[in-house]
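The values are calculated or read from the model by the stated rules, or taken from the named source; none is laboratory data. Since we're looking at a predicted model, the values are computed, not measured. Counting neighbours? That spans all protein chains shown, and the Cβs are built from the backbone with ideal geometry, glycine included. To get the accessible areas, we keep the full protein, side chains included, count just its heavy atoms, and leave off ligands, DNA and RNA. Shrake-Rupley method; radii C 1.70, N 1.55, O 1.52, S 1.80 Å.
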Amino acid sequence: RVFVWANWRQKMSSHLTRRRFISVLGASSAMCALPGGAATKIESVIWSGQALGADADIKILHPDPAHAQSVLKACVAEVRRLEQIFSLFDPASAINRLNTDGTLEEAPADMVHLLGFANEIAAASNGAFDVTVQPLWALYANHFATNPKPVNGPSTEQIAAARALVGWQNLEVTLDRVSLTQKGMGITVNGIAQGYITDRVSDLLRENGIDDVLVNMGEYRGLGLGREGRPWRIGIKDPFNPAALTARQDVRNQAVSTSGGYGTTFDAKGHFHHLFDPRTGRPVNRWASVTVVAPTATLADALSTAVMAMPNDETKRLLQDSNVDAALLIAPDGNKTRL
């Protein structure tokens, strides 16, 4: 079933018409950009900031700094526009309005396309990826916030109650309307939106003649070539020591995303974290981290999240069907599997 990226890209092209020195080991990123040698083009502009609360970077190699600066301004404006749609920290965002009201009429095109694609990944992963896990996030966050030194997580009954509100099949997406069919549901796009923003910024840069660029909006995408005409090189964090690297990945017109429970933990030991299996309502600890290399950051982001909750046989099927370029799975004992 080779359909995930192709179907979504076709839908986007049919309907969607709108549009720091590189941070090493950024707080919310599972990867970092590694320095290379002297540039073959003028290293004209390097921007840094944040996108959806994560450290964000854009590094351009281009002979016209003024043009690069102008395009970067448009990119930052695009990031801020997308944050108004996808940010859970903005009370007025489209996603918060959906979670509050249960229905969003005249939904932004970006939300429609992203949630439609998210449901495709949910179906392809047998529910391992599911944007309706927000009730689980709220349950665990509230539990650990109100229990200063908790030994255990929420009770079985509490998990079951939150789990009853989770189910991607109850997220309805049409061309201009998004609705949650069960009262009390909520969505979060933290497992896919950073990749989507990375792609939108990458597309905007390319449309404006920026061909050699490394974009990091929480996930990485490298277009063209980096210094000395070499592929962009991304360092992948060691999940057991995030200040160190465990691997390196060269990319050219590819994206890289890493997911791991170490990114946001609720307890000191890290047993309870932000990556849940939607089907059980519990944090997943099958893998310490999952890295996916794919044509786009949206796809890589969603798949790295999904695979965290999937056994080997299902993982291989999903990655093959999705035409990913490579994957690195690190087990809790440190063993590495490359696919």
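Mind checking whether some residue in segment 267-274 is assigned to a strand (DSSP E or B), within 18 Å of the chain's Cα centre (by Cα) and under 18 Å from V189 (Cα atoms)? Even if it seems obvious, please write down each step before you answer.
Step one: of segment 267-274, the residues assigned to a strand (DSSP E or B) are 273.
Filter once more, so that each one left must be within 18 Å of the chain's Cα centre (by Cα): 273.
Among the residues that remain, those that are also under 18 Å from V189 (Cα atoms) are: 273.
Within segment 267-274 (the criterion being assigned to a strand (DSSP E or B), within 18 Å of the chain's Cα centre (by Cα) and under 18 Å from V189 (Cα atoms)), the answer is yes, since at least one residue qualifies.
So if I check each of N96, N7, which one is in contact with an Asp or Glu (Cβ under 8 Å, 6 or more places away or on another chain) and either at pLDDT below 50 or part of a strand (DSSP E or B) (or both)? So that I can check it myself, show each step before the final result.
Working: N96 fails: either at pLDDT below 50 or part of a strand (DSSP E or B) (or both).
Just one listed residue meets the conditions, N7.
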Would you check if A77 is aliphatic (A, V, I, L, M), in a helix (DSSP H, G or I), loosely packed, with under 14 Cβ neighbours inside 10 Å and at pLDDT 95 or above? yes
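Looking only at strands (runs of 3 or more DSSP E) that fall completely inside segment 185-242, which ones have 3 or more residues that are open to solvent by 10 Å² or more (accessible area, probe 1.4 Å)?
Values: elements: 213-216, 220-223, 232-238.
Qualifying strands (runs of 3 or more DSSP E): 232-238.
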Here are some residues: F117, F89, F144, F129. Which one is under 18 Å from the mean Cα position of the chain (by Cα) and at pLDDT below 95? F89
Within segment 55-74, which residues are part of a loop (DSSP other than H, G, I, E, B) and either open to solvent by 40 Å² or more (accessible area, probe 1.4 Å) or touching a helix residue (DSSP H, G or I) at 6+ places or on another chain (Cβ under 7 Å) (or both)? H62, P63, D64
Tell me, yes or no, whether segment 155-166 has at least one residue that is crowded, with 22+ Cβ neighbours inside 10 Å, acidic (D, E) and either in a loop (DSSP other than H, G, I, E, B) or modelled with pLDDT of 95 or more (or both). no
Out of the residues in segment 289-313 that are open to solvent by 20 Å² or more (accessible area, probe 1.4 Å) and more than 16 Å from N190 (Cβ to Cβ), state the one that is modelled with the highest pLDDT. P295
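Please go through segment 243-252 and pick out each residue that is surrounded by 20 or more Cβ atoms within 10 Å (Cβ to Cβ), within 19 Å of D212 (Cα to Cα) and out of contact with any Gly (no Cβ under 7 Å at 6 or more places or on another chain).
Initial filter on segment 243-252 (surrounded by 20 or more Cβ atoms within 10 Å (Cβ to Cβ)): 246, 249, 251.
Next, from what is left, pick out any that are within 19 Å of D212 (Cα to Cα): 249, 251.
Listed by number, the list holds a single entry, Q249.
From the list S322, S257, pick out the single residue that is buried (at least 24 other Cβ atoms within 10 Å of the Cβ), among the hydroxyl-bearing types (S, T, Y) and under 15 Å from the mean Cα position of the chain (by Cα).
On the way: S322 fails: under 15 Å from the mean Cα position of the chain (by Cα).
When all the criteria are applied, what remains is S257.
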I'd like to check something: does segment 120-137 contain any residue that is of a type outside the set (G, A, S), in a helix (DSSP H, G or I), open to solvent by 30 Å² or more (accessible area, probe 1.4 Å) and at negative phi? yes
